[in-house]
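Q: Right, I'll just put the structure down here and ask away after.
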Amino acid sequence: MNEEKLKQILNEIGRTDIPPSAALIAERASRNISAVLKIEQPKHRFITAARFVAAAALVVLAFYTGLSVGRHAKPLPLTENIVAYKTSNANADSFWQQKAIAAMQSRPTVQTDISYTEKLNAYKQYLKEKRYE
């Protein structure tokens, strides 16, 4: 079939009158479908509100738990004078006793400044090497 014949057939089908019974059936079906689509689904506002309240209560509980634990978790006081227990007077200056005393003494920690750009540049270099650029 060629294109002109198809157009002619479709024009003839479009010009035919629809019987009133078919139009009535189509109208009823359209109303039934629209009525089915308009049925409202039950809204779960209570469940949503309960979830919100439960989440808020959980956040408040976690906050107060953190406060109570933080208040009671105090750092141990550092003792300046460390007492070394001697096992015997003969071994008062033994090598291992000196090692133990040195290990128990607190040392000042030095915190170096972190250069974020240095780490970023190192990561960029890593990516370049990874891609063979």
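Q: Is there any pair linking a residue in region 118-133 that is assigned to a helix (DSSP H, G or I) to one that is of a type outside the set (Ser, Thr, Tyr), with Cβ under 9 Å and at least six apart or on different chains, and which?
A: 127/133
Q: Based on this model, can you work out whether residue 23 counts as surrounded by 10 or more Cβ atoms within 10 Å (Cβ to Cβ) and at pLDDT below 80?
A: Here the answer is yes, as residue 23 does meet what is asked.
The values are calculated or read from the model by the stated rules, or taken from the named source; none is laboratory data. The model shown is predicted, which means the values in this text are computed figures rather than measured ones. Every residue, glycine as well, gets a Cβ built from its backbone with ideal geometry; the counts of neighbours run over all protein chains shown.
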